[in-house]
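A.B. asks: One structure is given below, represented as structure tokens, and several questions about it will come after.
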Amino acid sequence: MTIRVVIADDQMMVRQGFTVLLNTHPDIEVVGQAVDGLDAVAQVTRSRPDVVLMDIRMPELGGIEATRRITADLPEVRVLVLTTFDLDEYVYEALRAGASGFLLKDASADQLADAVRVVASGDALLSPGVTRRLIAEFSRISGSPRPPERERVGSLTERETEVLALIAQGLSNAEIAEQLVVAEQTVKTHVSRILVKLGLRDRTQAAVFAYETGIVRPAGY
């Protein structure tokens, strides 16, 4: 199955460069290039790609609002945010808006292709350590954690809450299974149930939820 991609960036060289790199992979096809957020929303609505590579800072409509519109209207489309440096407050806002992860623009060709594949498969935490650090940092900066949404949090079992906390710490299913001394398939089942119960799209959204509701506190908070 070919992964269909739209690239949204106001810099032509970035769009064209990423297009060339991705199209060298037989399982990935770039089906559109957008010059700004409005163009991105229009192209995604028209072509229904699997993944959008979304620059954050663009004219007309920024990447955050474009991400919010796309994920609200087309939840099956995954958004991968492009940024020049990892600790970027706009990246955190994009994750809150529904992005499934982020990638540095200086990533290698193989990292770019692998990131697209990972996001398309639904395994959203591309760089667990960096993503975890970013979420924790901006949760800390933004002030006190939001009061837990009692109905949503209360729907989780004790074990599911434990798994959610480990997701927020950037652990993979295999690592969670090892720490809890259970089968990896059991962890997968817990993760699926957590996403359904909380109405979340993927692991990245679960991590954001865990920090913002206070289930997990940033280090030193």
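A.B. asks: Buried (at least 16 other Cβ atoms within 10 Å of the Cβ) and modelled with pLDDT under 95: which single residue out of Asp73, Asp106, Asp114, Asp55 fits that description?
C.D. replies: Asp55
A.B. asks: Oh, and also: Select from the stretch 174-187 the residues that are assigned to a helix (DSSP H, G or I) and either surrounded by 20 or more Cβ atoms within 10 Å (Cβ to Cβ) or among the aliphatic types (A, V, I, L, M) (or both) and list them in ascending order.
C.D. replies: Within the stretch 174-187, Ala174, Ile176, Ala177, Leu180, Val187 meet the criteria.
A.B. asks: Residues that are more than 16 Å from the chain's Cα centre (by Cα), at least 2 per element: which strands (runs of 3 or more DSSP E) completely within the stretch 1-93 meet that?
C.D. replies: Once the strands (runs of 3 or more DSSP E) in the stretch 1-93 are filtered for at least 2 residues that are more than 16 Å from the chain's Cα centre (by Cα), what remains is 3-8, 28-34.
A.B. asks: For a quick check of your reading of the model, give me the residue pairs whose first member lies in the stretch 1-22 and is over 20 Å from Arg57 (Cβ atoms), whose second is basic (Lys, Arg) and not in a loop (DSSP other than H, G, I, E, B), with beta-carbon atoms closer than 8 Å and at least 6 apart or on different chains.
C.D. replies: So the pair list comes out as Ile3/Arg117.
A.B. asks: Further question on the same structure: Looking only at the stretch 1-59, which residues are closer than 20 Å to Asp106 by Cβ, acidic (Asp, Glu) and either in contact with a Pro (Cβ under 7 Å, 6 or more places away or on another chain) or not assigned by TED's automatic domain parsing to the domain that holds Ala113 (or both)?
C.D. replies: Residue satisfying the conditions is Asp10 alone.
A.B. asks: Anything in the stretch 58-70 that is surrounded by fewer than 24 Cβ atoms within 10 Å (Cβ to Cβ) and not aliphatic (A, V, I, L, M)? List them, or say none.
C.D. replies: Pro59, Glu60, Gly62, Glu65, Arg68, Arg69
The values are calculated or read from the model by the stated rules, or taken from the named source; none is laboratory data. What you are looking at is a predicted structure, and each value in this text was computed from that prediction instead of being measured. Ideal geometry is used to build each Cβ from the backbone, glycine not excepted, and the neighbour counts take in all protein chains shown.
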